[in-house]
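Visitor: Shown below is the structure under consideration.
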Amino acid sequence: MVKQRVMFESGNELAAYAAKQINYHVMGYYPITPSTQIAEQLDVYKAEGGHDTTLMPAEGEHSAAGICYGAAAGGGRVFNATSANGLLYALEQLPVQSGTRFPMVLNVACRTVSGPLDIKGDHSDIMYTLNTGWIILFANDPQAVYDFNICALKIAERAMLPAIVAFDGFFTSHQKRKCEVIEDDAEVKRFLGDYKPEFTALDVENPVTIGSYMNEPDLINNKYRLHLAMEKSRGIIDEVFAEYAAFTGRSYSQTAGYMTEDAEVVLFLLGSSYHTAKTAVDKLRGEGAKVGVFTANILRPFPADMLYTHCKNAKTIIIGDRQDSYGAGGGNMTLEIKAMLQEKACTARVLSRIYGLGGLDFYVEDAISLLREGFGGDAPDFDYIGKYPGNPESELITYFNPVTQEEATPKLTETSFDEEANKLIVKGVRVNESTRMPMRIAPGHGACPGCGIPVNVNLLLKGIEGNVVLLFQTGCGMVVTTGYPKTAFRVPYIHNLFQNGAATLSGLVEVYSRLVSRGEMPDRDITFVMVSGDGGMDIGMGSALGTAIRNNGLIIFEYDNGGYMNTGYQLSYSTPKGAKSSTSHVGKHQAGKDFFHKDMPMIMAGTHLPYLATVAESNPSDFLRKAVKAKYYAQNRGTVYMRALSACPLNWGDKPERERQVIEAGVDCCYFPLFEIENGITTITYNPEEKNKKIPVTDWLKMMGRTKHLADERYSELVKNIQDETDRRWTRLKALHDSPVL
């Protein structure tokens, strides 16, 4: 057997370690809890020189899947990891890859699919993949995560099918265990062997067309061939597991069972719950009860015959599903096992139980209770475990008095439109007077000390008189204000996912317009505001651009905190070049993020929307004046985009009480210049050069822990590169300011 050593690591960390040893060519990824640690740990290994896999941060999971497909079509070994709605966002790409027969490995740290939003683990995501044509392995402990990641690649390449390694999010993914790993990376490569695909998109001497258009009967033949490949993979899985057992001494089969041979009541559970139930079986066996538990290590191809061997002697079979196929009388495992039992003409009683949704803990006592139910004659065929009855008599609780239109219209400013200059003139902006505007977000939210999100959102709303309807995309701002059953909002609020916030709000805007125009509701003088941040304008950029091109009447407000902060600070396209994050580490082989931050205002300007502005809490009068303009343009001309430099002391690595100075320095070094584009004309609204306040960009970078390493002489060329690009963008902005037409 190969030489091994012991590691004390989590499932995510072991998936990353296996990927490091394999040394894939490419990983396309997008961070989503609870799978994000895999990319983070791989980046640590890369900074240390442990592998040379190209880690490609996509702007969303759909593109991450596209990156992986392209790399696989080129003949590379390819890796990815995702969870929950990220998996669903990428789902369209999965049949593309299996239908063209390109292998790769995708890790899925299983998590609840929203809505409502919940980041804890269940199996509602992985079940969507059952019909995608991918081989699916399900690891029930961290050791299996490591082993299956190595086996999955070999299986995938022999079967010429992509493979998923799934495991329980926050249970298997995050719980550390003592595990054995292969000591020498070269031995892993020797076990896998070379991968030499018959066809690739890079063979210019023998060009092939991949993914051609097909009609019947060609398509049905293609799917039949996919079916045959999946059936053939049954034997391949057994072969690879046997080879791996000889290689490492760890043996796996497609299913596993415990005390099932003579059991009268058997319980099926998938994932980490299997181990919990084994303890329950021991306790009940000690009382003389003939019980057992079984599980599947493979979901596709479905190991029906092997599963039957574990339950063929039972009188009652209880199937626990960590998801529900709503309206079908059970989750997907219930349905598939019932179909298997019907084919075997088995007459055992089957009980279906939905459990553990949203990460609800499953204890030994729960497993004991389930097994005991199997001996009773009056147990319902289908039920949820852990549910509680609602109270139809309960009244809706109003935590705060709603902000009335009268309260929200203190008439702090005067506005008039200058037709000749094609600009809105705003008079009377006084910061001290803005305290008369009621707070739309009430105190008591859960934001970190020094967080810029409530500061910036409240500053924006102080400049918007009248009624406001808010949409928050997923992110820190949403999570810290809406923990069920309470809310911090005193105005109507809606949430949707990162990738679709602008489109959702544009639909709300348009239905409001239709209802008013048809006389079905009065005109309430509503300003619609979408709040985005934490990378929401990466994955949600397409939706935002589409909304701006349609010119729907709303404000898109981005708090730019320079990273995917709600998932633990991974790099986003707005992260500064050179900044350290959990997916852009600093080490001998890497110096933080290796590309420049995205100039989102100029990207949005390309849609020719009527008003665009950048703002900062260090310049509150400028901020409020632009907020007043934003309301006018959103209600009268169309889409508005505003971007605020927003502090995140936790991940920027500075002190909460100094955030105003850090923001000011970001403005004064011209990394984040303050300007507006009004009806196509660019105006710089604060010029630090004219006030003799312009500073080198390094003076700003050294104020934050994420970039203080750039003060080291070793990074002088990188710092010069950052300064040159900052100056280039500032010079270009000044040219736009000086032009009467640009």
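Visitor: Take each of the peptides 549-555, 453-459, 392-398, average the number of other beta-carbon atoms within 10 Å over its residues, and list them starting from the highest.
Guide: Numbers: 549-555: 19.9, 453-459: 22.0, 392-398: 6.3.
Listed from highest to lowest mean packing, they are 453-459, 549-555, 392-398.
Visitor: Kindly count the pairs of lysines across segment 255-384 whose alpha carbons are less than 15 Å apart, treating pairs on different chains or eight or more residues apart as eligible.
Guide: 7
Visitor: Taking 8 Å as the Cα distance limit and 6 or more residues as the minimum spacing, I'd like the relative contact order of segment 545-638 as a percentage.
Guide: It rounds to 29 percent for segment 545-638.
Visitor: Hey, what number do you get for the chain at 222 nm if only DSSP H runs of n ≥ 4 count, each worth -39500 (n - 2.57), divided across all residues, to the nearest 500? Present the calculation step by step, with values, prior to reporting the outcome.
Guide: Numbers: 23 runs with 263 residues, N = 742.
Per the formula, -11000 deg cm²/dmol.
Visitor: Where a ≥ b ≥ c are the square roots of the eigenvalues of the C-alpha gyration tensor, would you call segment 274-326 rounded, which needs a/c under 1.5, or, failing that, prolate if a/b is larger than b/c, or oblate? Don't skip to the answer; put the middle values down first.
Guide: Working: a/c = 1.99, a/b = 1.56, b/c = 1.27.
Here segment 274-326 falls in the prolate category.
Visitor: First select every other residue whose beta carbon is under 13 angstrom from the beta carbon of Val640; then total the charges, Lys and Arg +1, Asp and Glu -1. Don't jump to the answer; show the numbers that get you there.
Guide: Values: positive: Lys626, Lys629, Lys631, Arg637, Arg643; negative: Glu558, Glu676, Glu678.
Computed value for this residue: +2.
Visitor: Is segment 1-158 best put as rounded, prolate or oblate by its Cα gyration tensor, with a ≥ b ≥ c the root eigenvalues, rounded for a/c under 1.5, and otherwise prolate when a/b is larger than b/c, oblate when not?
Guide: Rounded is the answer for segment 1-158, as its axis ratio a/c remains below 1.5.
Visitor: Continuing with the same structure: Using all Cα-Cα distances in segment 255-384, what percent lands in each 5 angstrom bin from 0 up to the longest?
Guide: Taking all Cα pairs of segment 255-384, the binned fractions are 2, 12, 24, 26, 23, 10, 3, 0 percent.
Visitor: If you restrict to DSSP beta bridges whose two residues both lie in the chain, what percentage is antiparallel, to the nearest 5?
Guide: 30 percent
Visitor: Also, quick follow-up: At what distance in angstrom do the alpha carbon centres of segment 219-241 and segment 290-330 lie from each other?
Guide: Comparing the Cα centres of segment 219-241 and segment 290-330, I get a distance of 22 Å.
Visitor: Mind checking segment 296-394 for trypsin sites (Lys or Arg not before Pro) that DSSP puts in a loop (not H, G, I, E or B) and that have at most 15 other Cβ atoms within 10 Å? Walk me through the numbers before you get to the answer.
Guide: Values: sites: Lys312, Lys315, Arg322, Lys338, Lys344, Arg349, Arg353, Arg372, Lys387; in loops: Lys312, Lys315, Arg322, Lys344, Lys387.
Those satisfying the criteria are Lys312, Lys315, Lys344, Lys387.
Visitor: Hey, how many Å between the Cα centroid of segment 556-628 and the Cα centroid of segment 398-472?
Guide: 23 Å
Visitor: Please give the contour-minus-distance gain from Asp599 to Glu657: 0.36 nm per residue of separation, less the Cα-Cα distance, rounded to one decimal in nm.
Guide: Taking Asp599 through Glu657 to full extension adds about 18.1 nm, to one decimal.
Visitor: Aspartates and glutamates within cross-link reach of Lys232: Cα-Cα under 16 Å, excluding same-chain residues under 8 positions apart?
Guide: Filter leaves Glu157, Asp305.
Visitor: Kindly express, to the nearest 10 degrees and within the range 0 to 90, the angle between helix 36-47's C-alpha long axis and the longest C-alpha principal axis of the chain.
Guide: 80 degrees
Visitor: Shifting gears a bit: When Cα extents along the principal axes in Å is calculated directly from the model, which label among (i) 87, 68, 55; (ii) 74, 56, 51; (iii) 82, 59, 55 fits?
Guide: (i)
Visitor: Give the percent of DSSP beta bridges with both residues in segment 255-384 that are antiparallel, rounded to the nearest 5.
Guide: If I count the DSSP bridges inside segment 255-384, around 20 percent turn out antiparallel.
Visitor: Roughly how many Å is it from the Cα centre of segment 688-737 to that of segment 66-125, as a whole number?
Guide: 38 Å
Visitor: Can you tell me the 0 to 90 degree angle between the C-alpha axis of helix 541-550 and the longest principal axis of the chain, rounded to 10?
Guide: 50 degrees
Visitor: Continuing with this model, one more query. Rounded to the nearest 20 debye, what is the charge dipole size of the chain about its Cα centre when +1 sits on each Lys and Arg Cβ and -1 on each Asp and Glu Cβ?
Guide: Dipole about the Cα centre, nearest 20: 620 debye.
Visitor: While we're here: Could you name the lysines in cross-link range of Lys427, using Cα to Cα under 27 Å and dropping any fewer than eight places away on the same chain?
Guide: Reachable lysines: Lys411, Lys462, Lys626, Lys629, Lys631, Lys691, Lys693, Lys734.
Visitor: Oh, and also: Beyond 24 Å between alpha-carbons counts as too far, so tell me which of Lys154/Lys593; Lys20/Lys588; Lys598/Lys655; Lys196/Lys588 fall in that bin.
Guide: Violating the 24 Å Cα-Cα cut-off are Lys154/Lys593; Lys598/Lys655; Lys196/Lys588.
FYI, it's all coordinate maths here, none of it is from the lab. These figures come from a predicted structure and were not determined experimentally. Note that we place each Cβ from the backbone using ideal geometry, even for glycine, and neighbour counts take in every protein chain shown.
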